[in-house]
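Remarks on the structure that follows.
Read-outs throughout are calculated quantities, based only on the coordinates presented, and are distinct from any laboratory measurement. Being a predicted model, the structure only gives us computed values, none of them experimental. Don't worry about glycine lacking a Cβ; one is built from the backbone with ideal geometry, like all the others, and counts go over all protein chains shown.
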Amino acid sequence: MIEIADLQKIYRMGDVEVRALDGVTLDIAKGEFLGIMGASGSGKTTLLHMLGLLDTPTSGSIAIDGTDISRLNDYEKTLFRLYKLGYVFQDYALVPDLTVMENVTLPAMLRKDLTEKQYHDASIDILTKIGMLDRQDHLPRELSGGQQQRVSIARAIVSKPDILFADEPCANLDTENSRMVLDLFREINEEMQQTIVMVSHEDWHKDYFHRIIRLQDGKVISDGLTSTKSH
Amino acid sequence: MGKKELKVAFLLALRSLQRGGRSSVILTILIVGMCFTNMIFLPALFNGIGQSITKQVVDYEIGNVLVSPKSGDQYVADLGATLALINGMPGVERATPHFTKGATLKYRQRVLGASVRSISPTDEKQVSPLYTKMVAGSYLGQDDTGEVIIGKPVAGDASIRQEDEFQASLGGVRVGDSITIDYGNGYVKDYRVKGIYFTGWSQADSAVYVTSTDMALVDPKAADNADYITVRAKPGYSEMFIKNELIQYGVSQKVQTTSDLLAKSMGRALQSFAIINMVSLIVSVIITTVVLFIVITIKTLNSRRQIGILKAIGVDKEVIMHNYGFQVIILAVLGIILGIIIALLLAMYMAAYPIVTPEWSATLYLTPMDLVINSVILFCAAVVAGYVPAYQVSREDIQTAMRA
């Protein structure tokens, strides 16, 4: 599903060159729940941004479902993100002036393959699933951090994207809310065969992943299946 | 941009205004409204002054068309035939002659120089509303002799001492009093004041009116001559139509419309008004543009991370740009509506309480076209002011925006 070959990202700050990613080569299969782990500054978020088409690599290639994303122009990348990808951010990144329902339906509203009724029904379904239907008219500031993150996940998956990217989604949550979010990811992954790529630096999260790659200084230092997958 | 994209852009704009900083929204609308009022106020006031002067000139001086002696002549001669010709033309409500003589008015110890105008009262009623402006006594009858009507400023106020008067007067003449008029040609006559009028037009109010019959006793030339003839057009007939008709049908005197005369006498003033209007318009447009530019720039700078997030979840940059564009459009439309309401309220207030000077009184003269043109100008300026920062920020790459 995702093929990454010799991916490099080099930031230049004056004479200093920082290799955020240094020759990452990786394949991610459909339906996989992949964890990207590593210390701070190891290149986890940079890799996720490359995969999510939020940034461009210095060299190397990424192909998603056979599409070489380096060949896409700006508008095609936008459409690719809209139709194929979902994104969950560390700080929830909900639009503060929109209600829960409006936040969830926002990306789906733009999709030409969904009618108003379809995306409205899908939003109701997903809000029911995450237990937030009764809060559909609330604004993000009226919700707890855990609730906001659940809404963020609902927004990311409402139009059933092929791949869901999550950038440290539990970083601002307590353990209970973190577990709730991870359970939700697992449920989505199992029920909908949703491919999930999640960045984390919490060691206990590894119990949820099928596979974990570990990064250090922009390089993959380990790549292996977890016991979760073997179950 | 499809319908769905516009719908999302509008939703984002609407919610941002509804649920964002309400005070800044209200303040922005207020500023746009004030700028609109500023744009429209001075031109409307100048138009009001122009309209007021034009109306008073038409009503109390020259009618719609003025027939005056041709070059080299002192009077409009052969008056009876000329009046009959003019009054017989289609579109002419009535033509009436005026004969004016300078004179000295005397009342008790007061002496005052004034113009004595002779009129044909019956005809004059169809040309000038002077007869409706009587504040005391009554208007002249057609064949009155020995009677006069005088302007209120000429009559004066007995309670004001002569040295305190703003304008010289006869010191408090009342209806029924007798005044002496010395015409300077050796003809001196006592007249009974039949009425006192006040029009608000200083040239009319500082004059004295007698009948043509009376004037013919003063100066026999007045019987078949006039200094000028004022012509009132019937409703629906233009001044130019009447003028062309008079010339075409052989009126050999000098024929001028009110517009012709005002263009000559007020041309420089109108040019000055136009310059002031233009400066006022440009200043208002600049203020509105700058204010909206600042408002949208601040909004976009404060929302750069959010803009990055929106792009990350698949919202196109055009949608983001139109989001801010719609916000500006909504602010501008509401501001313009507020401005129109303020302008109309001012117009209503000034209709009730006009600006009054010794020369003219003025109200705000607003036409629907003025409102439309100014609305369009302000709207266009607002859209440019909003879209420039929106365009810039929407082009920013996702990483830069998200790091903001």
Problem set entry | Cα-based shape type of the stretch B:282-380, given that a ≥ b ≥ c are square roots of the gyration tensor eigenvalues and the cut on a/c is 1.5 | prolate
Exercise. Tell me, what is a quarter of the convex hull surface for the C-alpha atoms of the stretch B:74-252, in nm² with one decimal?
Worked result: 10.7
Exercise. For the stretch A:71-85, what does the Karplus curve 6.51 cos²θ - 1.76 cosθ + 1.60, with θ = phi - 60°, yield as ³J(HN,Hα) per residue in whole Hz, taken in order and with x for Gly and Pro?
Worked result: 8, 7, 7, 4, 5, 5, 5, 4, 5, 4, 4, 5, 8, 10, 10
Exercise. Convex hull over the Cα atoms of the protein assembly as shown, averaged projected area in nm²?
Worked result: 43.8
Seminar exercise, completed: D (µm²/s, integer) via Stokes-Einstein for chain B, Kirkwood Rh across alpha-carbon pairs, 25 °C, 0.890 mPa s: value 95
For this session: Mind listing the long-range amide H neighbours of A:PHE33? Cut-off is under 5 Å, sequence gap 5 or more, other chains count too, H placed in the peptide plane at 1.01 Å from N.
Result: A:ILE196, A:HIS210, A:ARG211
Problem set entry | Residues B:VAL291, B:VAL356, A:VAL24 arranged by fewest to most Cβ contacts within 10 Å | B:VAL356, B:VAL291, A:VAL24
Seminar exercise, completed: Stretched fully, the stretch from B:ASP182 through B:LEU14 gains (0.36 nm per residue minus C-alpha distance, one decimal, in nm) 52.7 nm
Seminar exercise, completed: Fewest-first ordering of B:ASP219, A:ASP174 by Cβ atoms within 10 Å yields A:ASP174, B:ASP219
For this session: Can you tell me the order of B:194-204, A:41-51 when each peptide is scored by its average per-residue count of other Cβ atoms within 10 angstrom, highest first?
Result: A:41-51, B:194-204
Exercise. What angle do you read, to the nearest 10 degrees and between 0 and 90, between the alpha-carbon axis of helix B:258-302 and the longest principal axis of chain B?
Worked result: 20
Exercise. To the nearest 500 deg cm²/dmol, what mean residue ellipticity at 222 nm is calculated for chain B from DSSP H runs of n ≥ 4 alone, each contributing -39,500 (n - 2.57), summed and divided by the residues?
Worked result: -18000 deg cm²/dmol
For this session: Name the most mobile residue of A:ASP27, A:ASP15, A:ASP167, meaning the one with the largest mean-square fluctuation, in a Gaussian network model of chain A with Cα contacts below 10 Å.
Result: A:ASP15
Seminar exercise, completed: Per residue of A:67-78, other chain Cβ atoms within 10 Å number on average 2
Exercise. So what's the angle, to the nearest 10 degrees on a 0 to 90 scale, between helix A:116-129 and the longest Cα principal axis of chain A?
Worked result: 80
Exercise. Based solely on its DSSP helices, what 222 nm [θ] is calculated for chain A when runs of n ≥ 4 H residues each add -39,500 (n - 2.57) and the sum is averaged over all residues, nearest 500 deg cm²/dmol?
Worked result: -10500 deg cm²/dmol
For this session: Would you mind telling me the antiparallel percentage of the DSSP bridges in the stretch B:74-252, rounded to 5?
Result: 75
Problem set entry | Whole-angstrom Cα spans of the stretch B:146-261 along principal axes, big to small | 54, 31, 22
Seminar exercise, completed: The Cα radius of gyration of chain A, divided by 2.2 N^0.38 Å with N its residue count, comes to 1.00
Problem set entry | Rel. contact order, % - alpha carbon contacts under 8 angstrom, at least six apart, chain A | 29
Exercise. So what is the relative contact order of chain B, in percent, for Cα pairs below 8 Å that sit 6 or more residues apart?
Worked result: 28
Problem set entry | P(r) histogram, all alpha-carbon pairs of the stretch A:116-229 included - 5 Å bins from 0, percent | 2, 10, 21, 22, 19, 13, 7, 4, 2, 0
Exercise. Other chains near A:93-103: what is the mean number of their Cβ atoms within 10 Å of each residue's Cβ?
Worked result: 5
